[in-house]
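See structure below.
The values are calculated or read from the model by the stated rules, or taken from the named source; none is laboratory data. The shown structure was predicted, so the numbers you read here are calculated from the model rather than taken from an experiment. Positions of Cβ are backbone-derived with ideal geometry, glycine not excepted, and every protein chain shown enters the neighbour counts.
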2 protein chains.
Amino acid sequence: MSGPADFDVVGLGNALVDVLAHADDAFLAAHDRVKGSMTLIDAEQAERLYGAMGPGIEVSGGSTANSLVGLASLGGRAAFVGRVAADQLGAVFAHDIRAAGVHFAAPPADGGPPTGRCLILVTPDAERTLNTFLGAAAEFGPEDVDVDLVRAAQVTYLEGYLWDQPRAKEAFRHAARVAHDAGRRVALTLSDSFCVERHRADFLALVEHDVDILFANEAEICALYEVTDFDDALQRVDRHCEIAALTRSAKGSLVISGSEVHLVDAVPVPGGVVDTTGAGDLYAAGFLYGLTHGYDLGTSGRLGALAAAEVVSHLGARPETSLAVLAADLLA
Amino acid sequence: MSGPADFDVVGLGNALVDVLAHADDAFLAAHDRVKGSMTLIDAEQAERLYGAMGPGIEVSGGSTANSLVGLASLGGRAAFVGRVAADQLGAVFAHDIRAAGVHFAAPPADGGPPTGRCLILVTPDAERTLNTFLGAAAEFGPEDVDVDLVRAAQVTYLEGYLWDQPRAKEAFRHAARVAHDAGRRVALTLSDSFCVERHRADFLALVEHDVDILFANEAEICALYEVTDFDDALQRVDRHCEIAALTRSAKGSLVISGSEVHLVDAVPVPGGVVDTTGAGDLYAAGFLYGLTHGYDLGTSGRLGALAAAEVVSHLGARPETSLAVLAADLLA
């Protein structure tokens with residue numbers, strides 16, 4: 001049985017600084033990039049792609065870290081576990097996540113690869129294509145898991161991207177075990193349909209046995225169950241984990257838990273969608289805030305939709321407006 | 001006499017990466033900052049202020065560098081001379097200015113202080129307050145001046161901020177001499193009214209003897225002549241340099257050259273002013289593009305107003321939209 005929690009959510013993820021630049025479809029084609037996907041790149045590829053990219057802006061990112069910043073912006077208590085190097089981008093990452101109110105105590109790694117970065121190409125349709133050089137984050141392992149933090153949080157949140165690195169995978173399993181042993185819940189985001197393709201068998205087993213709360217978008221859940229129709233995927237997912245929150249961009253989201261189902265409309269973006277980077281991350285932030293603060297699943301889904309709408313209204317994957325203020329009416 | 005020019009403008013300035021974060025008036029007061037001003041800070045002060053600031057975004061900046069990026073965005077040929085270190089922020093600065101189409105060939109400095117940064121606090125009134133840690137830029141000296149570039153450019157553009165560092169001041173004088181010896185013109189921006197206060201006698205002598213094209217905003221030109229009324233300053237300026245372009249934010253700008261006077265309206269910003277960082281830099285960009293492409297002074301002023309309106313419509317001091325496209329109607 002779990003005791004009182006010091007944190008609502010502790011998240012494990014890749015600590016990355018995003019470098020965002022505009023690009024057109026021809027640029028993606030010339031660099032063999034599949035729009036909307038995440039590709040892992042090495043230092044040399046990162047150098048080459050960066051050289052070809054237009055002028056960028058740098059914003060601290062990383063999927064889990066974005067979610068935790070969103071949670072904090074709603075007033076939640078969030079802690080991040082991830083690995084940066086002792087360099088300028090590491091200092092930027094640590095500053096930004098702490099300044100946003102997220103607990104982050106891991107010391108930067110001395111020596112080894114530099115702090116990871118994600119080169120993000122934003123096309124005119126507001127879609128984002130990610131190119132991740134993990135750097136220091138690639139060395140994330142079980143020894144980086146702060147077990148006291150995991151035990152002290154209501155929910156341990158894991159990003160599917162971690163599954164691409166063998167030692168991060170161990171860290172992921174270790175954290176899930178510690179959380180469950182402490183009577184806590186484990187949440188997973190599938191992160192990316194290509195990531196799901198790479199690790200389908202593992203993810204199926206995880207969802208069945210280790211995950212209490214699953215986040216996935218339409219492409220990811222279809223990839224997991226090897227179907228092309230969202231409704232077909234839906235027929236499979238509800239048998240597995242306690243809660244699944246499935247997002248469908250402008251079509252809204254569906255939250256299912258046993259026989260309970262909530263259809264949640266997307267929140268309109270008055271000025272139009274500028275950049276979809278972080279939409280899924282912020283949906284998870286809103287949802288987990290609701291869940292860990294005693295709101296019902298429908299309200300939690302609506303909080304997710306509200307947070308996602310804020311983050312797609314501007315460039316970058318972290319909220320620019322206080323989500324607590326935006327959510328005040330919904331939670332009144 | 002000058003031969004054909006390879007560049008329209010070569011600019012000498014501080015190579016800085018901007019770190020922008022929102023702050024309120026209370027934050028400025030608590031940190032003894034004067035709204036709208038630029039303060040030089042050392043490494044320790046930078047550390048302390050950064051620790052207290054909210055989450056930031058990083059965008060390559062530096063006053064002169066911003067102007068050159070604006071000039072390139074209009075289709076002009078621009079070259080930058082400045083000093084970065086061989087570190088991550090130095091690589092970001094070099095990437096962004098080159099990706100924007102500005103020639104920048106100086107190798108990064110090995111060892112010594114890190115690449116400079118400017119901590120920018122943007123208040124809810126869209127005003128910006130600058131806190132500059134010069135880092136590698138503080139070591140800029142005459143040996144950094146690429147004399148071939150200076151000789152090859154129609155205009156050599158200098159930022160008043162350089163006057164804060166003794167060796168940068170020498171570099172500045174050296175470049176102005178080389179430019180004039182090659183039959184080229186020298187432009188100066190006064191940069192900041194507090195900078196003018198610190199160096200009034202020098203700036204007065206410069207404007208009288210060494211500067212052909214002067215850029216100043218209302219506060220700066222009033223500080224230069226120790227008057228409180230813009231019209232009083234105006235009575236002084238026209239006797240000195242060949243061309244003066246004086247900006248007054250939403251009140252527009254005034255371009256004077258001998259007996260020729262142009263009153264240029266500000267260009268409206270439909271969505272409202274978001275962040276005034278870079279407004280003066282981009283005005284200079286548009287003006288210098290016009291001047292070096294054979295447009296009259298009124299059109300040059302209108303190009304300045306158009307470029308400034310673009311940059312204040314979003315966070316950050318570099319254009320997000322092609323200025324050449326925005327200016328197409330004006331230049332048709």
Have a look at B:D32, B:D8 and point out the one that is more than 28 Å from A:G316 (Cα to Cα) and either of a type in the set (S, T, Y) or in a strand (DSSP E or B) (or both). B:D8
Take the residues of the stretch A:118-140 that are in a helix (DSSP H, G or I) and touching a residue at least 40 places away in the same chain (Cβ under 8 Å): which is surrounded by the most Cβ atoms within 10 Å (Cβ to Cβ)? A:A137
Only one of A:D32, A:D8 is acidic (D, E) and in contact with a Ser or Thr (Cβ under 6 Å, 6 or more places away or on another chain). Can you tell me which? A:D8
Of everything in the stretch A:88-117, what is surrounded by 24 or more Cβ atoms within 10 Å (Cβ to Cβ) and of a type in the set (G, A, S)? Give them in sequence order. A:G116
Suppose we keep only residues that are among the charged types (D, E, K, R) and more than 14 Å from chain A (Cβ to nearest Cβ) within the stretch B:282-320. Which one would you say is farthest from A:L315 (Cα to Cα)? B:D296
Might you let me know whether the stretch B:166-182 holds any residue that is assigned to a helix (DSSP H, G or I), buried (at least 19 other Cβ atoms within 10 Å of the Cβ) and under 16 Å from the mean Cα position of the chain (by Cα)? yes
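Each row is one residue, and each column tells you yes or no for (1) buried (at least 19 other Cβ atoms within 10 Å of the Cβ); (2) within 14 Å of another protein chain (Cβ to nearest Cβ); (3) touching a Lys or Arg at 6+ places or on another chain (Cβ under 6 Å).
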position	(1), (2), (3)
B:F7	yes, no, yes
B:A23	yes, yes, no
B:D32	no, no, no
B:G36	no, no, no
B:G54	no, yes, no
B:E58	yes, yes, no
What's the number of the only condition in (1) within 16 Å of B:G278 (Cβ to Cβ); (2) crowded, with 23+ Cβ neighbours inside 10 Å; (3) not charged (D, E, K, R) that B:L12 fails to meet? (1)
Is there a residue being at negative phi and within 14 Å of another protein chain (Cβ to nearest Cβ) anywhere in the stretch A:137-160? no
Inside the stretch A:65-96, can you point out the residues that are in contact with a Phe, Trp or Tyr (Cβ under 9 Å, 6 or more places away or on another chain) and part of a strand (DSSP E or B)? A:A78, A:A79, A:F80, A:V81
Please work out if B:A85 is farther than 18 Å from B:A317 by Cα, more than 9 Å from every other protein chain (Cβ to nearest Cβ) and either within 15 Å of the chain's Cα centre (by Cα) or crowded, with 24+ Cβ neighbours inside 10 Å (or both). yes
Have a look at A:V269, A:V264 and point out the one that is of a type outside the set (S, T, N, Q), more than 19 Å from the chain's Cα centre (by Cα) and buried (at least 22 other Cβ atoms within 10 Å of the Cβ). A:V264
State the number of residues belonging to the stretch A:97-117 that are outside any strand (DSSP E or B), within 14 Å of chain B (Cβ to nearest Cβ) and in contact with a strand residue (DSSP E or B) (Cβ under 8 Å, 6 or more places away or on another chain). 9
Just to be sure I understand, how many residues within the stretch A:144-162 are more than 13 Å from the chain's Cα centre (by Cα), part of a strand (DSSP E or B) and not small (G, A, S)? 2
Check whether at least one residue in the stretch A:50-59 is modelled with pLDDT of 95 or more, farther than 12 Å from A:N131 by Cβ and assigned to a loop (DSSP other than H, G, I, E, B), and report yes or no. no
Quick test of your reading of the structure: A:G75 fulfils all but one of (1) more than 14 Å from chain B (Cβ to nearest Cβ); (2) crowded, with 23+ Cβ neighbours inside 10 Å. Name the failing condition by number. (2)
Taking A:E44 as meeting all but one of (1) away from chain B (no Cβ under 12 Å); (2) touching a residue at least 60 places away in the same chain (Cβ under 8 Å); (3) in a helix (DSSP H, G or I), write down the number of the exception. (2)
